[in-house]
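Coordinate-derived values only; no laboratory data. Note that the structure is predicted; figures quoted are calculated from it, not measured. Note that we place each Cβ from the backbone using ideal geometry, even for glycine, and neighbour counts take in every protein chain shown.
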Amino acid sequence: MKRPRKGARRPPAAQHPPSFPAFEAIAAERGLILATLIACGVPRRDRADVAQQVLLGAWLAVRRGMYRPDPAIDPRQALCKWVHAICWRTASHYRERASVRHEVIHPEPLALMRELARPSFEGQLEAREVLEALWQLKLWQLRILLAVDDPESLGAYAARHGMNRNTAASRLRIAREALALKIRRWRR
């Protein structure tokens, strides 16, 4: 078999159509995730955080259309293999972090922990104000504000919902103004 020359374009890795399993199907593989993290040497104290990163990464990848299983393989088996690969990569990235590889020496580590663990009272109040303001918005305003966090562009969001790009941008502007007005009213 002839090797491709250096810099040659390669065909895309996945030739299959994207599949969009529910988050519950991904979360059902939590046992596999924890077993993989244990096998990769993730300490017990960090397993829950790394498992959460795996679930979030898998869900965001599904939403971006990156999950493309082979239709010839059993769907659950394909999902398990894919989640295992994401888990393995996340664990390897975890091990390479400087905070994991190096210890920070501090003269009074318990005092440092008390400072870091204490949540800001002002930050909690601001977060509650924003959440209250969000729940008072209309449903379409809340949806367009949440669409900003999607990996897809606003134009793709507009096309998916059958509206003009300019209409989506206008609705986003209106929703942002409504949220700012609600927050100002809360702070008065």
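Once backbone amide H atoms are built at 1.01 Å from N, Val42 has no partners under 5 Å, excluding neighbours fewer than 5 places away on the same chain. Scaled against the 2.2 N^0.38 Å expected of a compact globular protein of N residues, the Cα radius of gyration of the range 123-187 reads 1.20.
The charge dipole of the range 23-101, taken about its Cα centre with unit charges on the Cβ atoms of Lys, Arg (+1), Asp and Glu (-1) only, comes to about 260 debye.
Placing +1 on the Cβ of every Lys and Arg and -1 on the Cβ of every Asp and Glu, with nothing else charged, gives the range 123-187 a dipole about its Cα centre of roughly 300 debye.
3J(HN,Hα) along the range 28-39, derived from phi through the Karplus expression 6.51 cos²θ - 1.76 cosθ + 1.60 where θ = phi - 60°, amounts to 5, 8, 4, x, 4, 4, 5, 5, 5, 5, 5, 5 Hz, with x in place of Gly and Pro. Here the translational diffusion coefficient of the range 23-101 follows from Stokes-Einstein with Rh set to the Kirkwood radius across Cα pairs; for 20 °C and 1.002 mPa s it amounts to 166 µm²/s.
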